[in-house]
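First the structure, in the form of structure tokens, and then the observations on it.
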Protein chains: 2
Amino acid sequence: MKPIDLVKSPGEWLQAGGPDSGVVISSRARLARNLAYYPFAPRLSMAERAEVHRKLRDIILSEGLATPEMYIELTDAGELERRLLVERHLISREHSDSDGRRGVAVGDGEVVSIMVNEEDHLRIQVMKSGMQLAKAWEIASGVDDVIEAHVEYAYDPDLGYLTACPTNVGTGLRVSVMVHLPALVLTGQVAKVFQAVTRINLAVRGLYGEGTDATGHFYQISNQSTLGKSEQQLIDTVESAIPQVVRFEQAARDSLVRKDRTRLEDRIWRAYGMLKHARMVSSEETLTLLSAVRMGLQLGLLPGPKLEIINQLILTTQPAHLQALQGRELSVPERDRIRGEHLRSIMNPN
Amino acid sequence: MKPIDLVKSPGEWLQAGGPDSGVVISSRARLARNLAYYPFAPRLSMAERAEVHRKLRDIILSEGLATPEMYIELTDAGELERRLLVERHLISREHSDSDGRRGVAVGDGEVVSIMVNEEDHLRIQVMKSGMQLAKAWEIASGVDDVIEAHVEYAYDPDLGYLTACPTNVGTGLRVSVMVHLPALVLTGQVAKVFQAVTRINLAVRGLYGEGTDATGHFYQISNQSTLGKSEQQLIDTVESAIPQVVRFEQAARDSLVRKDRTRLEDRIWRAYGMLKHARMVSSEETLTLLSAVRMGLQLGLLPGPKLEIINQLILTTQPAHLQALQGRELSVPERDRIRGEHLRSIMNPN
């Protein structure tokens, strides 16, 4: 499989099969690690950078963490391929756009991805569908052990794992969940919920991480810092907070159904009608429409499609995906048109 | 057939079968007549009013211009029934809401309707689908002859037929066509066309006559006054102007298709999707959506329904029609919901 072929099938984390998948789209665990005796990535010389890259890539491949085809050297990758990886949450925007030797290994089903020479020498990311933080952490930890058998990590007995950015020092672990909170937004309660979440030291971000907005009511909730707490404590904090967010969202959905069912149905069916019929749809409108349909499916107000189809459309209607599917560059108006075609083909399967 | 049963079938003028029916929905001829030796209707005593009413009703029924069931005494008719007649363009709002003995006779297929004791003692109206002014006038004139065989009309050798309002003196004839001009509105040319039409002494009004707006881009174009011209001259003026308006509208539609087909298709398909799926639709939005779909059908951009179905929906989605179909009074939110149901049932026939 080539990286560009990723567009043809969804990652495991979009299968909508995990626990609480009506609200929690996916869970992610990410470990930041650095090799001892080397400067952090931003301060590596070109030669050192290449050396770190080669060393880690060789370990990843020899341990079978990814096939050689799915170890992608970003220095050689085209712009479209890199954007595709960003849209699939396999690499960060920074990793896509930076310079010098760097890469990413993508494992089966895109559950595991390993970035080399991002902000840290090594970032191990695991994504699972639904509320599966503990499972994601377990897999990440396993990959970490496999790699650690070959290298010495930068580690301080008092501080823990050392990282390029102080916020990652300690466990180097960031856990996050992507949640879909349309009813909390519609009922004007989302700010209140986020305040509560922030008070227990969790951060809330938009769909593509820091600095992105929450179009379509999709949010990422993650721990803020990793110092002074064990991995289990970090996971416990998030794992105990999310079920409450899920309950709030479910209660808000129930209240919308109870208090103004027709207006809610109207909103949902109009979104459904637009996805089935519109000829030009922007990225932003697409997320808004998919958000409404996703909620409608969860509430049993729509006949279909399956939830995982909607999850996949969130991914495949993005610009790089549309261009990869078409096999060529598209202008913005062309993208809006092709996005409409793509949505219609999926939403009108006959 | 009872008046309330009118809701079950459309009038002939909605069949979308006449010439130029893509742009011209219907043609209407209306004759104003008054009996000699009586004051005009607004100045009749109650006794005279009843006498005029009885006299004209008896002629209409004895001549078989309407069945007894379809001669509706508006004094006795319920509010809903009267509103229904207004929505079907069979009586004016003023005729519905005024006092005293008055009525309307509705002929087969709603082609002929005869108002008694409206502003004039007698108003003979004929509606035909598409561009059929001459035919409408011919039918109206025939009805006029039948009635005139029984009564003496108020007539002045110099002025012609005398009427309550000076604008109708002369032939007493008003001819009008209902046109659908969405492309002229979309391309910003409609004001220019109306200026040209006004210059040859024609008037432009909204869907329900004077003082109503042109929601959904439906307009009525009619002659302004009837004095000093023969019937044929009046008809010729409108009959020669309308084909030009039709050509302008067709040219505007062609230009929209040529210059920005995708955007036009998007607008049309979105309207189609809303009509098929929305759960609450206001009167005004309905007309806007039906207007777009009507244009789409004319341009061959939509698979269906038939044009006459859309014409009928313009009628049957109005408040009194919805209430007559439901057999009960409906609040505004209920109407919006029932209107959505009605639209979906027609737009999703399977």
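The values are calculated or read from the model by the stated rules, or taken from the named source; none is laboratory data. Since the structure is predicted, the reported quantities are computational estimates derived from the model, not experimental observations. Virtual Cβ from ideal backbone geometry, glycine too; neighbours counted across all protein chains shown. What goes into the accessible areas is simple: the full protein's heavy atoms, side chains included, and nothing from ligands, DNA or RNA. Shrake-Rupley method; radii C 1.70, N 1.55, O 1.52, S 1.80 Å.
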* In the list B:ILE72, B:ILE60, B:ILE91, which residue meets the criterion of being in contact (Cβ under 8 Å) with a residue 24 or more places away in the chain and out of contact with any helix residue (DSSP H, G or I) (no Cβ under 7 Å at 6 or more places or on another chain)? -> B:ILE60
* Among residues belonging to the stretch B:260-303 that are without any contact (Cβ under 8 Å) to a residue 24 or more places away in the chain and at the interface with another protein chain (Cβ under 8 Å from one of its Cβ atoms), point out the one that is nearest to the chain's Cα centre (by Cα). => B:MET274
* **Matching option when the condition is of a type in the set (A, V, I, L, M, F, W, C) and surrounded by fewer than 18 Cβ atoms within 10 Å (Cβ to Cβ), among A:LEU313, A:LEU299, A:LEU343, A:LEU330** => A:LEU330
* Members of the stretch B:92-113 that are aliphatic (A, V, I, L, M) and open to solvent by 10 Å² or more (accessible area, probe 1.4 Å) -> B:VAL111, B:VAL112
* **Residue identified as surrounded by fewer than 21 Cβ atoms within 10 Å (Cβ to Cβ), more than 30 Å from A:GLY160 (Cα to Cα) and more than 14 Å from chain B (Cβ to nearest Cβ) among A:GLN244, A:GLN233** => A:GLN244
* To do: Among the residues of the stretch A:31-44, write down those that are over 17 Å from A:SER96 (Cα atoms) and in contact with an Asp or Glu (Cβ under 9 Å, 6 or more places away or on another chain).
  => A:LEU31, A:ALA32, A:ARG33, A:ASN34, A:LEU35, A:ALA36, A:TYR37, A:TYR38, A:PRO39, A:PHE40, A:LEU44
* Check A:GLY64 against each of (1) in a helix (DSSP H, G or I); (2) open to solvent by 20 Å² or more (accessible area, probe 1.4 Å); (3) out of contact with any strand residue (DSSP E or B) (no Cβ under 8 Å at 6 or more places or on another chain) and name the one condition it does not meet. => (1)
* For residues that are within 14 Å of chain B (Cβ to nearest Cβ) and not in a helix (DSSP H, G or I), scanning just the stretch A:304-350, find the one that is nearest to A:GLY216 (Cα to Cα). => A:GLY304
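For (1) modelled with pLDDT under 95; (2) outside any helix (DSSP H, G or I); (3) open to solvent by 20 Å² or more (accessible area, probe 1.4 Å); (4) of a type in the set (Ser, Thr, Tyr), each residue gets a yes or a no:
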site: B:ASP120; (1), (2), (3), (4): no, yes, no, no
site: B:ILE139; (1), (2), (3), (4): no, no, yes, no
site: B:VAL146; (1), (2), (3), (4): no, no, yes, no
site: B:VAL185; (1), (2), (3), (4): yes, no, yes, no
site: B:VAL197; (1), (2), (3), (4): yes, no, no, no
* A:ARG83 passes all but one of (1) outside any helix (DSSP H, G or I); (2) under 24 Å from the mean Cα position of the chain (by Cα); which number fails? -> (1)
* Structure fact -> Of the listed residues (A:LYS276, A:LYS259), the one being over 30 Å from A:VAL332 (Cα atoms) and among the charged types (D, E, K, R) is A:LYS259
